[in-house]
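The next block holds one structure in the form of structure tokens; read it before the comments.
The values are calculated or read from the model by the stated rules, or taken from the named source; none is laboratory data. This one's a predicted model, so the numbers in the text were calculated from it and none came from an experiment. Glycine also receives a Cβ, built like all others from the backbone with ideal geometry; neighbour counts cover every protein chain displayed. All accessible areas refer to the heavy atoms of the entire protein, side chains included, with ligands and DNA or RNA removed. Shrake-Rupley method; radii C 1.70, N 1.55, O 1.52, S 1.80 Å.
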Amino acid sequence: MNADIWSALILGIIQGLTEFLPVSSSGHLELGRTILGTSWDTSSNMMFTVTVHGATALATVVTFQKDIDALVVGLSQAIAILPGISRSGATISTSVLLGIDREQAARFSFLMVVPLILGKMAMDTLDLFSMSQTYQDQHLAPLLVGFVAAFITGLWACKLMLSLVKRAKLSGFAIYCLVLGTVAAAWTVLA
């Protein structure tokens, strides 16, 4: 084998060993290149780095193939940013289609929203503090009332949905969304 092949083999092993350890795999690749004295140009180095990182990403997918149900469900949540697509509907139905128990699917769907909500709240709170004191004073009561109302009804709806998922099919929600979407589209066209 020529020197480039040996270097690639050794560097590939370095990447594979260090990617999952609490060390910098990229740093180890650079050290390995220096020690091996590779003469690759910048674009070749970059292409090699991307390739071996892709290999370890694929190793992760193969190792955790049963857990990839979370990546797919996460993608369905991302699609739900489109208007008219229910986030919980998309994540629960995707989970069920992937063979996840209905109750577990609902629990996972509800837990997935927590970081989104907390992040949005943090951003909005920072925006609120940057506004004038008069604006804050005028809108404090509605904010508090809205918060309490959403919290109480959210508790109720979360428990209700968990109960429904355990014993009912979710096709009723799909029909509801179809009817409501059709009515909204017709309203928009006719108005």
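Within the same chain, aspartates and glutamates fewer than 8 places from Lys169 are excluded, and of the rest, those with a Cα less than 19 Å from its Cα are Asp101, Glu103.
Accessible surface computed residue by residue for the chain, with neighbouring protein chains in place and a 1.4 Å probe, gives 72 Å² per residue. Two tests apply to each whole DSSP H helix in the chain, Cα reach of 20 Å or more along its axis and mean Kyte-Doolittle hydropathy of at least 1.6, and the ones passing both are 171-190. Which of the following values of semi-axes √(5λ) of the Cα gyration tensor in Å was calculated from the structure shown: (i) 48, 25, 17; (ii) 33, 24, 18; (iii) 39, 24, 16? So the calculated entry is the one marked (i).
Neighbours of Lys166 by Cβ distance under 15 Å: Lys/Arg scored +1, Asp/Glu scored -1, total +3. For the chain, the share of accessible area belonging to carbon and sulfur comes to 73 percent (1.4 Å probe, ligands and nucleic acids excluded). Once C-alpha pairs closer than 8 Å and six or more residues apart are averaged by separation and normalised to the residue number of the chain, the relative contact order reads 14 percent.
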